[in-house]
Amino acid sequence: MRIPTFGMYQRESGQISQMYDSLGKLIQQADSGKKLIHSSDDPVLAHQIKSKEDYVNTLQSYFDNGVLAGSHATLFTTSAQSAVNVTSQIQTLLKSAQSGTKNDSDRASIAEQLKGYLSNMASIANTQDGSGEFIYAGNNSDAPAYILVNGVYQYQGGSSQTQVNIAPEISTLYTDVGSEVFGNIYDGNGTFTVTAGSGNTGGASTTPGAVINSASYVADTYTITFGTNGGSLVYQVVGATSGQVIPALPATFPAGAPTYTGSSDVNFNGISLHINGTPSVGDTFQIQPSTRQDVFGSLQNLITLLQTPNTNPAKLDQALIQADASFGQISNHLVTYMSQAGTASSAVKAQVDANRDIIHNQTITINDLANADIGQVYSALSQQSLALQATIGGYMKMQDTLNKLLQMQF
Amino acid sequence: MSDITNIGISGLLANQYALTVASQNMASANVPSYSRRMVDFTENSFNQGVSVGDVRRIVDEAANRAALTTKSDFSKMDTYLQQLQGFEPVFDDDGTSISKYITDSLSALGKLNTHASDPASRGLYLTSLAALANRVQNVSAEIARQQQETNQAVQTRIGQINNLLSSIANINTELAGPLNQNTPGLQDKRDGKVAELAQYFNFMTQTDGAGMMSVTLSNGLALVSSQTAATLTTIPDPTDPNNILIAVQNAPGNTTPITNFIQSGELAGITNFRRTVLDQTQRSLGRLSISIAETFNAQNKLGIDINGNLGGDIFNDINNSSAINSRIIPNLNNTGSGGFTVNITTLGQLTTSDYRLTIGAANAYVLTRISDNAIMSSGTISGSLPQTVSADGFDLNINSGTFNSGDQYIVSPTNGAAKGLTLASTDPGRLALGWPVATSKGVQAQGSTGNIKVTAITDTTTSDFSVATQLNPPIKVVFLTATTYQLENATTSAVLEGPITYNPANGTIFPTPGSYDPGYRVLLSGVMQAGDTFNIDYNTGKGDNSNGLEMEKLYRTNILESGTQTLSQSYAALSTAISIETNKAQSGRDATLILKDQAEQKRDAISGVSLQEETMNLARYQQAYQACAQILEVSKTVLETIMRIAG
């Protein structure tokens, strides 16, 4: 085959420039540390890298949200802890107020202490996060959850919780509804309350009572009335809708009524109640289904009760026993909430850790995919430059041969 | 005696000429179009020495043709690749890719959802959306600029082609002159022009007996026919005012479009790039823009803004009056005057193709999808307008006008969408992050663990939302027994519907058994007691992020391609398509380069000059020349000897 000179040189120089090209590519790889200079170098790999990077970026924003949600979860746990502590202080004071040796002024000073706890509790309910959001104000988190209106703490937060996403399809509590945390708690023993009649003059009071047989419990407003029958104290229990329960019909009151023997249990419709002391004839106790209280209302009622001068120790006793029962319910509620918050908090932290791990692992994968193997690049680099030198050497040789040919003497 | 002298002289002359030819070959070694010459010596009759019979141009037509064709093919791929390589970085750069702007806005939204009422966070999210819109616009503008550039590139090349065509015709004319017949130099020059022409487009050449070369297009249209050259020009594309077509100027005002017959060369590379890459990318980007705008607008309308009002559009409405008019492009040659609008109806069905509406006789119409030529709809335009034709997620509304047989319209649902992606409101307060409905517990009887919550907002155009910042009516759910409830108007206490059976396993209230659907969904759960009440009212909570969380979901929702692509994925598909095309073009270019090199080598092996060979020839002719001189010397000596004898 004839090899034309022009083509020969052209081909040779084409080869050299091609080698420079691939050398240049290797140098770029070595410079940037990246395998791909353009996506078109390997579109499939580039797509893989990009979609992984997108995923990591998305997770990163979830990760940031998770950290914020985690700090909220911690706030929920610590504030619930404080609320539980304050409640137990209140319960201690309440116990001491119940002591028979306390007089009106002792109770008034206890009331003053309780006022301090009231504002403590309010500031707990109005806990703010770092950016000034009220964490117990639900979806109205810009304003305090509880404000004082005419001396009464009222909930003015939102009626629903807000959530934030901490992973795709996983959201967690971000602000809670204060009225569900600090309110919506049954008073009394959780099922019913017992109050002394306003006209009571005797010295009897009752325990908070309990439902001993929930199957036969009938929710109703019952009135226990004391009367006499042949000089002995008897009692009657009438339900607002159940009608007379004790004595069982057709017995009548007071003729057929059971005798009150002092410090005895009264049992009816699944309810058991212990009455202490001696009531007067005509004294009544009312048993009502529990209604919902909030911490602030109950505490404020207690303060009012302790500030009011005592006229009938038995009635005061009855009221304090009920308050004690109610705060028992509040304490239970807050402890439950605290443990739930603790669980939620560790769940959020676990998710944050999981996100961190995924981000970490995906980043490693991306680096594996995207980064050039520097060792390989350098060895290829030296191979290529060697080959380039060889080609240039060949080119020189070719010129040399031609020169020699031209210098030949004929 | 004179014989020897004559032989010597003829050999001297012939070899001198051969030396000239060899020198000419050597001197022209670096002229690409030069075909080497070869001297044919012929013996003169009656032992009268030798003479140069012919100087041949060593040319092989087949090899030449192969070199031209492969050159066209290579030029096409090379230009295509160059254009793509300039285009790819627009989508490839991590810092400026649209997908980064999408992720950035998601991240801003995530932060905003932790403090929905914060003006700064709202502002940041809106700014991130503005940046996204801005980037889409920039990319769209860059595509439009490159579309313009391809027009200019075509026009510049047309000028050069016209030069070459007339040069070829001129050389034909010169060759036709009586003195220049069979002049190798002119033929070489013409071959050079033809080779240059092959860089721009593909054609066929034919040389007739008189040495006239004709250049014809692949469809047989003559561009150079003996001594006359056609003039190429560009004309506006009747189907797309932004595009140009290549045409042959027959007479002033009379042109024949030839774009479709140019399948190779730089011109094909450029028009290909425009048609398969630029136009397609612009449409894909348009569809992405429409999807972004409509998805976020629809969600924002389901929420309430910072002032408690129902949300409006974040981006400009996709079906605004200018958009619906810009989606139909009448053919410049139409004689009728149809008035059309195009409304986008379903994002999931939207394709990235354009559609062709052809009017036939008697108001018949056919709507064809251009990407695969599938007929979408055909029928007759009725006398009573407006008439709506639905296809692939859009409605073509035929509103008015006259329709003549042969009229054509391009229906382009994505036209101008990327350019038009702009924020409708720059007020961060207008971001509707909360839900317009809030629920609360009313009376809870003992033993009740009932709960209520809003689970979804489906439609805020119902009459329930007809009064600003109020529910019309606010609703109270009243439990009549533990398992039945009724819905009351909370203001008037009028019973709306009931009793309705409560199912604790699925306590969604709406739509009710009586088919009342207020446009929101509320879920009851837990154990209910008679007397329990729940309130459903307008939301006044400023910190509500419920709709914001729904917006976050949009980023993961499969919206496009019949619900198989998220917005990000749609962008990734678009940019990956370009990378793949670039990659393909790279290997296509490499392959055509090899073919071109091979064909050139083959041609050069036949026609190219080898300096080594010519050096040897030179030496050979030189020696022959010296030998012939020796003959003369001998003849002189012989003559002198005879003279001496005679003398």
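The values are calculated or read from the model by the stated rules, or taken from the named source; none is laboratory data. These figures come from a predicted structure and were not determined experimentally. Reconstructed Cβ throughout: ideal geometry from the backbone, glycine too, with neighbour counts over all protein chains shown.
Some notes on this structure:
Residues checked against (1) of a type in the set (Val, Ile, Thr); (2) within 14 Å of chain B (Cβ to nearest Cβ); (3) without any contact (Cβ under 8 Å) to a residue 60 or more places away in the chain:
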site: A:Thr172; (1), (2), (3): yes, yes, no
site: A:Asn184; (1), (2), (3): no, yes, no
site: A:Ala196; (1), (2), (3): no, no, no
site: A:Ala204; (1), (2), (3): no, no, no
site: A:Thr252; (1), (2), (3): yes, no, yes
site: A:Gly262; (1), (2), (3): no, no, yes
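- B:Lys553 of a type outside the set (Phe, Trp, Tyr), closer than 30 Å to A:Gln10 by Cα and modelled with pLDDT of 90 or more: no
- Residues of region B:152-165 that are surrounded by fewer than 17 Cβ atoms within 10 Å (Cβ to Cβ) and either in contact (Cβ under 8 Å) with a residue 12 or more places away in the chain or not in a helix (DSSP H, G or I) (or both): B:Gln155, B:Gln160.
- Total residues in region A:264-278 satisfying the condition of being outside any loop (DSSP other than H, G, I, E, B), surrounded by fewer than 20 Cβ atoms within 10 Å (Cβ to Cβ) and within 14 Å of another protein chain (Cβ to nearest Cβ): the figure is 0.
- Looking across region B:413-426, not a single residue is β-branched (Val, Ile, Thr), under 24 Å from B:Ala108 (Cβ atoms) and crowded, with 21+ Cβ neighbours inside 10 Å.
- Boolean, B:Ala591 is in contact with a Gly (Cβ under 8 Å, 6 or more places away or on another chain), surrounded by fewer than 20 Cβ atoms within 10 Å (Cβ to Cβ), more than 30 Å from B:Gln349 (Cβ to Cβ) and more than 10 Å from every other protein chain (Cβ to nearest Cβ): no
- Flag if A:Leu93 is in contact (Cβ under 8 Å) with a residue 60 or more places away in the chain and part of a helix (DSSP H, G or I): no
- Check on B:Gly95, within 14 Å of chain A (Cβ to nearest Cβ) and in contact with a strand residue (DSSP E or B) (Cβ under 8 Å, 6 or more places away or on another chain): no
- Taking the numbered list (1) part of a loop (DSSP other than H, G, I, E, B); (2) more than 12 Å from chain A (Cβ to nearest Cβ) in turn, B:His115 passes all entries but (2).
- Scanning region B:635-647 for residues that are surrounded by 13 or more Cβ atoms within 10 Å (Cβ to Cβ) and either more than 14 Å from B:Thr5 (Cα to Cα) or modelled with pLDDT of 90 or more (or both) yields nothing.
- Residue check, B:Ala29 part of a helix (DSSP H, G or I) and among the aliphatic types (A, V, I, L, M): no
- Restricted to region A:138-170, and to residues there that are more than 19 Å from B:Leu433 (Cβ to Cβ) and at the interface with chain B (Cβ under 9 Å from one of its Cβ atoms), the residue that is surrounded by the fewest Cβ atoms within 10 Å (Cβ to Cβ) is A:Glu169.
- Matching option when the condition is under 32 Å from the mean Cα position of the chain (by Cα), more than 27 Å from A:Thr78 (Cβ to Cβ) and either touching a residue at least 24 places away in the same chain (Cβ under 8 Å) or part of a helix (DSSP H, G or I) (or both), among A:Ile330, A:Ile359, A:Ile366: A:Ile359
- Identity of the residue in region B:427-458, part of a strand (DSSP E or B) and of a type in the set (S, T, N, Q), that ends up surrounded by the fewest Cβ atoms within 10 Å (Cβ to Cβ): B:Thr455
- Unmet criterion (only one of (1) part of a helix (DSSP H, G or I); (2) in contact (Cβ under 8 Å) with a residue 40 or more places away in the chain; (3) facing chain A (nearest Cβ under 8 Å)) for B:Gln612: (2)
- Whether a residue is away from every other protein chain (no Cβ under 14 Å), out of contact with any Phe, Trp or Tyr (no Cβ under 6 Å at 6 or more places or on another chain) and at pLDDT 90 or above was assessed, and A:Ser105 passes this test.
- Region B:22-38 residues that are more than 8 Å from chain A (Cβ to nearest Cβ), paired with ones that are of a type in the set (Phe, Trp, Tyr) and in a loop (DSSP other than H, G, I, E, B) (beta carbon under 7 Å, 6 or more apart): B:Ser28/B:Tyr34
- Listed by position, the strands (runs of 3 or more DSSP E) inside region A:152-246 whose residues that are more than 16 Å from A:Gly270 (Cα to Cα) number at least 1 are A:152-155, A:162-167, A:170-175, A:192-196, A:222-229, A:232-239.
- Residue count for region A:303-341 satisfying the condition of being of a type outside the set (Ser, Thr, Tyr) and over 25 Å from A:Val211 (Cα atoms): 11.
- Members of region B:421-467 found to be polar (S, T, N, Q), farther than 30 Å from A:Phe192 by Cβ and within 14 Å of chain A (Cβ to nearest Cβ), listed by number: B:Thr455
- Counting only residues that are more than 8 Å from chain B (Cβ to nearest Cβ), more than 23 Å from A:Gly375 (Cβ to Cβ) and surrounded by fewer than 18 Cβ atoms within 10 Å (Cβ to Cβ), region A:28-79 holds 7 of them.
- Taking the numbered list (1) facing chain A (nearest Cβ under 8 Å); (2) in contact (Cβ under 8 Å) with a residue 40 or more places away in the chain; (3) surrounded by fewer than 23 Cβ atoms within 10 Å (Cβ to Cβ) in turn, B:Ala130 passes all entries but (1).
- Scanning region A:279-305 for residues being within 14 Å of chain B (Cβ to nearest Cβ) and not in a strand (DSSP E or B) gives a total of 3.
- Single match in A:Phe268, A:Phe192, A:Phe182 (criterion: over 35 Å from the mean Cα position of the chain (by Cα) and not aliphatic (A, V, I, L, M)): A:Phe268
- Some residue of region B:493-502 being more than 30 Å from B:Leu109 (Cα to Cα) and in contact (Cβ under 8 Å) with a residue 60 or more places away in the chain: no
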